[in-house]
Amino acid sequence: MKKFKKILKISSFIIFPLMIVWALFFGWGWFVPYSFQPSYHEFKKMCKLNELPNNEEKYNKILSYFGLSLDTLDWGKIEGGIFLNDSKEHLYKQKQQNHRINSSLFIVFKSSLVLKDNIDYIWTYMEWDNKRKYLTTKGMASYELVIRQDYENCIISTRSNNEQ
């Protein structure tokens, strides 16, 4: 038993400093499971919106994460921010950052006319910063090493699968 305690004491002087160095270089996220992080549960709750049927309720739940609803949308602001993307879709985009969750809202219209009845579909891109960094190369043919941030993400869409 004394020998085991001695080994444990010696190994703790080696392992504990290595854990601190690891946390300094790669972040504390590696030591904390997702289930203990409240923002992860909020992120997963947002991603489960994809399971809802495509109706006005789903639209309002998606918009509620941005402090909006179909009834309270500022159509004048949306009309001023609408643009034509590469796929020739009339699109409105709004970004939001909430602690560790970054989200982007996209409202796609059937034409340049900005009305509630003219919404083709709504989709959002959610990204959760899990505070885990990893070591990788800068590019495919590069030998330069860089530390990058890792993210969990999901896309919530009101567009049906056969339309995509």
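The values are calculated or read from the model by the stated rules, or taken from the named source; none is laboratory data. These numbers were taken from a predicted model, which means no experiment stands behind them. Note: ideal-geometry Cβ built from the backbone for every residue, glycine included; neighbour counts use all protein chains shown.
Filtering segment 3-40 to residues that are surrounded by 12 or more Cβ atoms within 10 Å (Cβ to Cβ) and modelled with pLDDT of 75 or more leaves 37, 39, 40.
From 111, 103, grab the single residue that is touching a residue at least 12 places away in the same chain (Cβ under 8 Å), surrounded by fewer than 13 Cβ atoms within 10 Å (Cβ to Cβ) and not acidic (Asp, Glu). Working first, answer last.
On the way: 103 fails: surrounded by fewer than 13 Cβ atoms within 10 Å (Cβ to Cβ).
Exactly one residue qualifies, and that residue is 111.
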